[in-house]
Amino acid sequence: MTQLQALTNVKAHVLGAARIGAQRELKFAMEQFWRGEIGAEELEAVGAAIRADNWQRQKAAGLDFLTVGDFAWYDHVLQTCALFGALPGRFGFHPAQLDLKTYFQYARGNTEQFAMEMTKWFDTNYHYIVPEWSVNTQFGLHAERLLAQVAEAQQYATPIKLVLLGPVSLLALGKEKSADFDRWTLLPALLAQYKKLLVCLQEVGVSWVQIDEPYLVLEESKARLPQVEAAYAALQSSPVPLLLTTYFETVENLPALARLPVAGLHVDAVRAPQQVAQVFAQWPQDKVLSLGVVDGRNIWRQDVANILTKVQDWAKARKHLWLGSSCSLLHVPVDLASEHKLDATLKSWLAFGQQKLEELAFLRNAIKGEVDQRFLAAASQARAERAHSARIHNPLVAQRLAQVSASDAERAQPYAQRQAQQQARLNLPLFPTTTIGSFPQTAAIRQARKANKQGQLSQLDYLHAMRAEIAEAVAQQERYGLDVLVHGEAERNDMVEYFGEQLWGYAFTEYGWVQSYGSRCVKPPIIYGDVYRPEAMTVSWTAYAQSLTSKPMKGMLTGPVTMLQWSFVRDDQPRSATAKQIALAIRDEVVDLEKAGIAVIQIDEPAFREGLPLKQSVWQDYLNWAVEAFKLSACGVRDETQIHTHMCYSEFNDILPAIAALDADVITIETSRSDMELLRGFGDFAYPNEIGPGVYDIHSPRVPQVDEMVNLLEKAVQVIPAERLWVNPDCGLKTRRWEEVAPALQNMVAACQQLRTRWQGQVKSAPSLETSPSF
């Protein structure tokens, strides 16, 4: 192979694009559709426009393929289930008649049926709908929508690479509906439909199929090698070449994968650069090797000069080399060009989705001798400026870190002693009720926030407006009969962004939105430097709410691990160091809340498990520093102050010792969609502290009935002692409407009263029901 031949075989592509639109067009259109304000035809038009914009960007950047099939309504895993007819029948599903209204019910539920379960996509903040596998699962091919998207893309006259979630990952990421059913018995029937689809794709002119198998980076996939080999042996007759695609970590079973009858392999060279040498040595020379060299998970500008040096050598050593994003660009904002208010220096350090396309095109062109010197110089200058910028380092943070001791991460007394003191102070009844923190963000709240930001509403008027909303939230909770109240978070835009805006070391965008699930989008802050809290962030709001009631008012904070995980994090120091900085900032706020008389403080850590490395062999290091960060934030208070934490949509059973080590007095978790399945692990582990399993799903508009919640609580009390059981929704109520919240919480309190009546007198530590909590 000559050097010229090597250079001409280098191609550039992306694994997928953001599907929400540059201005969140998909979010707004889906929500309008759900409210009945637009029809399916109008919604479809919005989706088509987003796809067209993505393809135009890829073509304009000069990429070698248009990536098709990465667009999804609500979620790509749910969409793959629909593609192969693998949806449960509880919504009257008929594959040939699956319209968008029915499709969305699987993700959102309806007034009669629960939605399908949702959980985190590997270690990201994206959530996917969990497939359900049972003896009744049947497959069929329903590819009309997908083939129509191929036809849409073909007008751009660029080869098409279609993205398809692979059969092994699809089965592995679902769950069996009964313990005695083996999902892998479904593999042959599923593969028959994949084979049919591949034939259809060849007939319509698709050049490559990027078949995503992220499951193959998990250590547990080692045990599934027979299924992997069987799957790709069945697909070896594919008339379209297959690019076996992995991301987020090193692949397992590489020697075996190298023998699979596929045309190419993609690996993540950003998150797992250590695997590149091994892949080079073992992947066959006559097959395509695609390396993810541009970060699809973070927003820092790449060191293209350094990458170019590497890929020039790689290109000379490989017959077919592709350069790609490390994973789908689903996880980063669309375009930095939309940011007109961002500090110019900081902006020069960043790259969003559009800029990542340009980085890929630069690298591919530079390997072929077409070096854009201006692009290279600008990238190198930005990297140098960032490395030496004085604004990154804060001497106050270094001074504070030097003063931290081991005792700062421990409560004075163990939980059993703290519980007695807290009960004496709070005087709570059996099965105390509370919510997770937020109440509906109404149009009036959003309008007031927008007007304040635009200078149309004075700060004083904004303060009065938010206080009125807080007063209404407190009054509503008292009417419902809740025991521990929250102020409703009317003044907060987002549980991470709100705090980051008040901390040094954080920066914020106007349009840096990414999809979390469905229509839920978040705008992650950018941690560019040392984190420090200059002044109190929540004390005045919480103290005002407490002044309106005699019941305990929870202070609501976001924990250090979640502040880290749900931000774009600086990459010039270990994540553990950044977490510790955030923990000290949160600790200062916890202490100030206690000084203000707040007896219950919740430090939310929904992203605690999300930060867990994908390789179990390296979990402990992460768990050590993550637990330390949480405890550092929480342990500055007296024993009689009750610390809560909240976690949602995660599998906890394999890290329960670490969750117990957090030593939160009360933990609340999501359990309603799983029918209390997640709680069983806490019972088997004998979780020592108090726990509030969610009794209704806040991600669905349906209002749960009293008997449903009573049934869930009866299951819970068989697992957790009644004296340590709390009653609450799954998560915050920010995205719901008051018309849904009011009856749901009233039903929740009614369900709780039924259990109190049943259990009164059976629990020695429970106070009399005639005694109202006071504060």
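The values are calculated or read from the model by the stated rules, or taken from the named source; none is laboratory data. Bear in mind that the values here come from a model prediction, so they are computed numbers and not experimental data. Here Cβ is always computed from backbone atoms with ideal geometry, including for glycine, and neighbour counts include all displayed protein chains.
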3 or more residues under 24 Å from ARG364 (Cα atoms) and over 22 Å from the mean Cα position of the chain (by Cα): qualifying helices (runs of 4 or more DSSP H) within the range 9-89: 40-61
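Just to be sure, is ALA409 surrounded by fewer than 13 Cβ atoms within 10 Å (Cβ to Cβ) and either assigned by TED's automatic domain parsing to the domain that holds ASN689 or not basic (Lys, Arg) (or both)? Write out each step before concluding.
Numbers: surrounded by fewer than 13 Cβ atoms within 10 Å (Cβ to Cβ): no; either assigned by TED's automatic domain parsing to the domain that holds ASN689 or not basic (Lys, Arg) (or both): yes.
The answer is no for ALA409.
Out of GLU510, GLU501, GLU497, GLU535, I need the residue that is modelled with pLDDT of 95 or more and of a type in the set (Asp, Glu). Which one? Outline the logic, then answer.
Details: GLU510 fails: modelled with pLDDT of 95 or more; GLU501 fails: modelled with pLDDT of 95 or more; GLU497 fails: modelled with pLDDT of 95 or more.
Only one candidate passes the filter, namely GLU535.
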Residues that are in contact with a helix residue (DSSP H, G or I) (Cβ under 9 Å, 6 or more places away or on another chain) and either more than 21 Å from ALA664 (Cβ to Cβ) or not in a helix (DSSP H, G or I) (or both), drawn from the range 395-411: VAL397, ARG400, LEU401, VAL404, GLU410, ARG411
Residue in the range 524-533 that is within 18 Å of the chain's Cα centre (by Cα), among the hydrophobic types (A, V, I, L, M, F, W, C) and within 26 Å of SER700 (Cβ to Cβ) present: no
Check on GLN456, more than 24 Å from THR549 (Cβ to Cβ), assigned to a loop (DSSP other than H, G, I, E, B) and not small (Gly, Ala, Ser): yes
Scan of the range 571-611 for residues that are more than 18 Å from VAL486 (Cα to Cα), of a type in the set (Gly, Ala, Ser) and touching a Pro at 6+ places or on another chain (Cβ under 9 Å), ordered by number: ALA579, ALA583, ALA585
Count - residues of the range 223-261 that are surrounded by 18 or more Cβ atoms within 10 Å (Cβ to Cβ), more than 32 Å from the chain's Cα centre (by Cα) and over 27 Å from LEU329 (Cβ atoms): 1
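Conditions (1) more than 30 Å from THR562 (Cα to Cα); (2) hydrophobic (A, V, I, L, M, F, W, C), marked per residue:
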{"site": "TYR106", "(1), (2)": "no, no"}
{"site": "GLU112", "(1), (2)": "yes, no"}
{"site": "GLU117", "(1), (2)": "no, no"}
{"site": "ILE129", "(1), (2)": "no, yes"}
{"site": "VAL135", "(1), (2)": "yes, yes"}
{"site": "ARG145", "(1), (2)": "yes, no"}
{"site": "SER169", "(1), (2)": "no, no"}
Test: residue in the range 562-573 that is touching a Leu at 6+ places or on another chain (Cβ under 8 Å), buried (at least 19 other Cβ atoms within 10 Å of the Cβ) and not aromatic (Phe, Trp, Tyr): no
Verdict on ALA157 being among the hydrophobic types (A, V, I, L, M, F, W, C), more than 30 Å from the chain's Cα centre (by Cα) and at pLDDT 95 or above: no
Residues that are out of contact with any Pro (no Cβ under 6 Å at 6 or more places or on another chain) and modelled with pLDDT of 90 or more, drawn from the range 718-731: PRO721, ALA722, GLU723, ARG724, LEU725, VAL727, ASN728, PRO729
Qualifying positions in the range 141-167 - surrounded by fewer than 20 Cβ atoms within 10 Å (Cβ to Cβ) and assigned to a loop (DSSP other than H, G, I, E, B): LEU141, HIS142, ALA143, ALA157, THR158, PRO159
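Just checking, does the range 32-43 include any residue being of a type in the set (S, T, N, Q) and surrounded by fewer than 21 Cβ atoms within 10 Å (Cβ to Cβ)? Spell out the reasoning first.
The initial filter retains those residues of the range 32-43 that are of a type in the set (S, T, N, Q), namely 32.
Checking the rest, the ones that are also surrounded by fewer than 21 Cβ atoms within 10 Å (Cβ to Cβ) come to 32.
Checking the range 32-43: at least one residue is of a type in the set (S, T, N, Q) and surrounded by fewer than 21 Cβ atoms within 10 Å (Cβ to Cβ).
Could you please let me know if ALA378 is assigned by TED's automatic domain parsing to the domain that holds ASP571 and aliphatic (A, V, I, L, M)? If you could, list the steps in order and put the result at the bottom.
Numbers: assigned by TED's automatic domain parsing to the domain that holds ASP571: no; aliphatic (A, V, I, L, M): yes.
Here the answer is no, as ALA378 does not meet what is asked.
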Total residues in the range 168-195, condition of a type outside the set (A, V, I, L, M), under 20 Å from VAL77 (Cβ atoms) and in a helix (DSSP H, G or I): 5
Those residues of the range 53-73 which are crowded, with 22+ Cβ neighbours inside 10 Å and on the phi > 0 side of the Ramachandran plot, in sequence order: GLY69
Any hit, the range 460-482, residues being basic (Lys, Arg) and within 15 Å of GLN441 (Cβ to Cβ): no
Residue count, the range 280-319 (criterion: touching a Leu at 6+ places or on another chain (Cβ under 7 Å) and either farther than 18 Å from GLU213 by Cα or of a type in the set (Val, Ile, Thr) (or both)): 15
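Here is a check on your reading of the model: is GLN515 assigned to a strand (DSSP E or B), closer than 30 Å to PHE104 by Cβ and touching a residue at least 60 places away in the same chain (Cβ under 8 Å)? Before you say what the answer is, go through the steps one by one.
Numbers: assigned to a strand (DSSP E or B): yes; closer than 30 Å to PHE104 by Cβ: yes; touching a residue at least 60 places away in the same chain (Cβ under 8 Å): yes.
The answer is yes for GLN515.
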Any hit, the range 344-352, residues being outside any helix (DSSP H, G or I) and among the charged types (D, E, K, R): no
Some residue of the range 684-699 being modelled with pLDDT under 85 and more than 27 Å from the chain's Cα centre (by Cα): yes
In the range 201-241, the residues that are within 19 Å of LEU83 (Cα to Cα), out of contact with any helix residue (DSSP H, G or I) (no Cβ under 6 Å at 6 or more places or on another chain) and of a type in the set (Asp, Glu): GLU203, ASP212
Selected residue (only one of GLN79, GLN138, GLN97 is at negative phi, surrounded by fewer than 16 Cβ atoms within 10 Å (Cβ to Cβ) and at pLDDT 90 or above): GLN138
Evaluation of TYR103 against (1) of a type in the set (Phe, Trp, Tyr); (2) under 23 Å from the mean Cα position of the chain (by Cα); (3) under 22 Å from ALA234 (Cα atoms) (one fails), failing number: (3)
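Just need a number here: residues in the range 526-551 that are within 30 Å of PRO574 (Cα to Cα) and in contact with an Asp or Glu (Cβ under 6 Å, 6 or more places away or on another chain). Reasoning before the result, please.
In the first step, residues of the range 526-551 are kept if they are within 30 Å of PRO574 (Cα to Cα); the result is 526-538.
From what's left, in contact with an Asp or Glu (Cβ under 6 Å, 6 or more places away or on another chain): 533, 536-537.
The number of residues fulfilling the criteria is 3.
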Among the candidates ARG386, ARG449, ARG391, ARG364, residue that is over 26 Å from HIS646 (Cα atoms) and touching a Leu at 6+ places or on another chain (Cβ under 6 Å): ARG364
Count of the range 359-379 residues which are among the acidic types (Asp, Glu) and surrounded by 21 or more Cβ atoms within 10 Å (Cβ to Cβ): 1
